[in-house]
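Please read the structure below before turning to the comments.
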Amino acid sequence: MRIDLSRLKSVPAVVDLSFIDDLVSNLKGITCPIPPTPPTPPTPPASGIGEELLEFLGSRVIISTPAGPVIGILSVVNTDYAVVTSETSIFLVPFNNMLGLSSQD
């Protein structure tokens, strides 16, 4: 079945949408201030293993732990843990659970 749309002048509204014009008119001129982006807190100074991990910050790593390997990008080195991010997960790895580290870059 084929419908000839060239003769169709308008489509009747099933719902009265005239309130939208009033709503838009009432919203004109209303502004909402955007709060400034808070500064990123600095990473606390790391010591010991943390200093060594800083060399790999932003690199793809494999960290061996008693629970198995953690694979991803080394994103954060804190005072007692590191953060590794993968495509689907974020891992917080305490330094005392690290058995070894290797870089994939």
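What follows is calculated from the coordinates using simple rules that are stated; it is not laboratory data. Everything quoted here is computed from the prediction, not taken from an experiment. Reconstructed Cβ throughout: ideal geometry from the backbone, glycine too, with neighbour counts over all protein chains shown.
Summary of packing: across the peptides 27-38, 82-93, the per-residue average of other C-beta atoms within 10 Å ranks them, highest first, as 82-93, 27-38. Can you work out the FRET efficiency for the pair Ser89 and Thr37, with r the C-beta to C-beta distance and R0 = 35 Å, to the nearest 0.05? For Ser89 and Thr37, the calculated efficiency is 0.85. The protection proxy used here, the mean number of other Cβ atoms lying within 10 Å of each residue, ranks peptides 70-78, 57-65 as follows, highest first: 70-78, 57-65. The ratio of the alpha-carbon radius of gyration of the range 49-103 to the globular-protein estimate 2.2 N^0.38 Å is 0.96.
Modelled spin labels at Asn26 and Leu54, positioned 7 Å past Cα toward Cβ, are 5.7 nm from each other. A simple rule links phi to the HN-Hα coupling: the Karplus curve 6.51 cos²θ - 1.76 cosθ + 1.60 with θ = phi - 60°, which for the range 68-78 gives x, x, 10, 10, x, 8, 6, 9, 9, 10, 9 Hz, with x for Gly and Pro. Here the 3J(HN,Hα) profile of the range 26-34, calculated from phi with Karplus coefficients 6.51, -1.76 and 1.60 at θ = phi - 60°, is 6, 7, 4, x, 7, 10, 10, x, 8 Hz, Gly and Pro shown as x.
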